[in-house]
Structure formats: structure tokens, C-alpha cells
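The values are calculated or read from the model by the stated rules, or taken from the named source; none is laboratory data. Keep in mind it's a predicted model, so treat the numbers as computed, not measured. Ideal geometry is used to build each Cβ from the backbone, glycine not excepted, and the neighbour counts take in all protein chains shown.
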Amino acid sequence: MMYRLLLGRKKGERMNKENEKRKMIERGPGYRAGMASMGKAINARTISNALISVAFAYTGPAILAFQAGQDAGFTSAQMISWISSIYIFGGVLSFILATYYKMPIVGAWSIPGVMMVGNAVTGFSFNEASGAFLIAGIIVLLLGVTGLVGYVMDWIPLPIVMSMIAGAFMKYGVGLVNNTKTDLIVGLCCIGGYLVMPFISKKVPPVMGSLILGIGAAVIGGKFHFAPTDYQAGLMFVVPKFNAGTILSVSVPLAALVIGAENAQAIGVLKGQGYPVPINAMTIASGIGGIVTAFFGGHNANIAGPMTAIIADESSGNKDLRYGGAILNGFAMVAFGLFAAYALGIVSGLPSALVSLLAGLSMINLLINALKDGFGTGEYRTGAFTAFVIAMSGLTIFGIGSSFWGLLGGVLVAMIVDQKDFRAAKIRGQELKMKSAGGII
């Protein structure tokens, strides 16, 4: 009798775990728990990395989005609506996901996506571009609702994911050298601040030293050039129009980019930090974000890869409190969106080398850990190397960036060359199931 009771209990536990996996939206600690520890989550470490992330989001990406709108021939009002929507709703995603899951999940928008769609929508109306963006959001939402993305990401070996992360973000590491060469004084001050700060205070992240000395050097060197703008701010409701040409050239590649690049990067970063990543929820949120922004001319609002990497880094302190940085980032994103027309005049005056240096320094730990997790185990070596070099190459095919192709190429090569590692992983999975079942088969 006792044996049957134990067997039934174990079986029930296994069924509960399987049911939990099949849930459309993963369960988290909840908003009450997230709000209760908010005071502790907003501290010197999370504020420091949030500042770096915000500096990253406010500068180059904003200018790229504005330039993409200009290249496409849209009016100033249309461009401001586009930029305002992606910042506002990207920030809202940070509030919703970071607070509910108590994880450093950062919402923003796809930088490679805006570069791609800026060229693809040229010659089409703003309403037709909106229609293409709406279809892309629907595709992402459907993939999240079906849970397909979650199954795929769980199946892809972690060394391949982390090698892709290392390759995709290696440009920021290389940028430390190139940007120091471009602006020697600012570069040396940033790097010097990073190296010296640990000797001054163990409680203050090294990047804060870079931020202080870097800004000081730029100000003294007269490298800030602020200029007011005369653009009109505000969201503008857009009625989408559908065009087969834009759906094929924009919607499908943009959806693949959101899932295969931005979300994949963020998922890999969070997994590398040991978080139980809510893959379905992140995908569904990105789909909804893409749908909502489309009605204001925005190309998408999704989970941000590089900014999640900055906020989730070990330098943000206590793992359970790093979500505070995502909340702060969300506030800053919404504020930028509300005042986008005026903010663009300010951020255009920031030295690009300074922002790139700060982003590179903030990702040092990420790159080291990604390389260790990608190649340190010795498993899936060929597939991991393939993912690394493709992601690092910046390859773009059909408008889809190198992160997606790195994952795809890494998995395909591993299935051919690293078959023994797949077999070993399968055996470990079976042994783990037996152990969780108490050894009863």
C-alpha cells in the first residue's frame, strides 16, 4: 500500500511539472512580491547599470530610428510617432515582466530591425509600413502562444546559445579598442575609471567609475554638442494597410529577427545567469508589443538583447534584486518616448565613442562568462564554434541578422559533428527523470 501511495505521489508530481511546462504563460512570483522588494531592488548597483543601459538606449539607437524614418521618406510627425511608440511600449514591457517575474527582463525594440525595415519600407506609405509591422507582431504572438519557441530554445544546447551570445556581443568588446583609438583621452579615462574604482570602493560597480571619468573628460574636451529641435512630439494613431510586398519583405524577416536575435540573446543571457527564463511569456509579450506599436507606426516593442545583458550582469549585485535595474530602465524608456522630439536634440550631442566604451565595459563579465559556458564544458565544440563565428561575423541574409543564423548554423553543424554530445545529453535527461521519480520505472 505504501509503495502504491509513493508511486502515485511521484506520478502526480511529474504530471504537475509537465502541466507547468505546457502552460501558455509561465508562473512567476507575482506583482505583489515584485513591488514588496522594490525598495531593495533599486540600489547603487542596479542604478549604475541602469544608467549605462539608458545611455545605450538613448543615443545611437534613437538616431538610427530617426535616420531610418528619414530614409523611408516619412514626415517628421510620423517619425516621432514611430520613435515615441517603440520607447514607450518597450518601457512598459520592462515594468510588466520584470516586476512579475522579479528578473532583469528589459523591454525595448530591435536595433537591427529598424535598420532592416528602414530600407524595406522605402517607397511604401506609412500606413503600409504599419500593416507590415502589425503582421510581424501577430506572427511573434502566435509562435509564443503555441509554445513552439519555448520548446525550441529548451532543446538548443546551452553551449551553442552562449557561444552565439559571445559572438553577437563581441563587437562591444572589440569596440573598447577601436573607440579608444578614435578618442584616446575619453577612452583612457573610461578604462582607467573601470580599473581604479574597485580600489576606491567595493560597493560601487567599476562601470560607475568609467561613467564619471568618461563624462568628465568629454565635458572638459568640449565634446558635447547639444542642439534644440523644432519637431512636434506625440503619438499618432495609424490605420494599417496591407501590402503583399511589405509582408514578404518586412513582416517575416522582422518576426524572425525579434525571435532569433533579440529574444534569443536575452534568453541566453538570463539562462547563463541561472534564471528560470519565462520563454513563452517573453515571446508573447514581444508579439503584443509589436501589435500595439504598429498602430502608432512603430516597428516593434520586444525584449532587448544587449540591454538585458547590461542589467542582468553580475555587477548589478544580488541576483534576486537585479530586476530593479529593468524597472528603472523602463521608466527612462517611457520618459524618452514621451519627450522624444526634444530628447533627440540632446542625445545627438553625446559623443558616440563614450557611449560605445561604456557599453563595452559593462559587458566584460558577460563576454567572459559566455565564452566559459560556450567552450568551457568541451561539449558541442564544433557547433559552438560555428555559432560563435557566424554571430560575430555580422552576416545578414534575407534581412535576418547573424544571431539567428549563428544559432541555426551551430545546431546544424552540431547535429552532424557533435552527435555524441546529443546522445550524452539524452542519457543525462533520462537519468534525471529516473532520479526525480525516485528511481521507480
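Taking residue 94 as meeting all but one of (1) at pLDDT 90 or above; (2) polar (S, T, N, Q); (3) over 18 Å from the mean Cα position of the chain (by Cα), write down the number of the exception.
For residue 94, the failing item is (3).
Can you work out which of the residues in region 271-305 that are in a helix (DSSP H, G or I) and of a type in the set (Val, Ile, Thr) is modelled with the lowest pLDDT?
By that ranking, first place goes to 279.
Being modelled with pLDDT of 90 or more and surrounded by 19 or more Cβ atoms within 10 Å (Cβ to Cβ): is that true of residue 264 here?
So residue 264 does not fit the description; no.
Among the helices (runs of 4 or more DSSP H) confined wholly to region 29-135, which include 3 or more residues that are among the aromatic types (Phe, Trp, Tyr)?
So the answer is 76-101.
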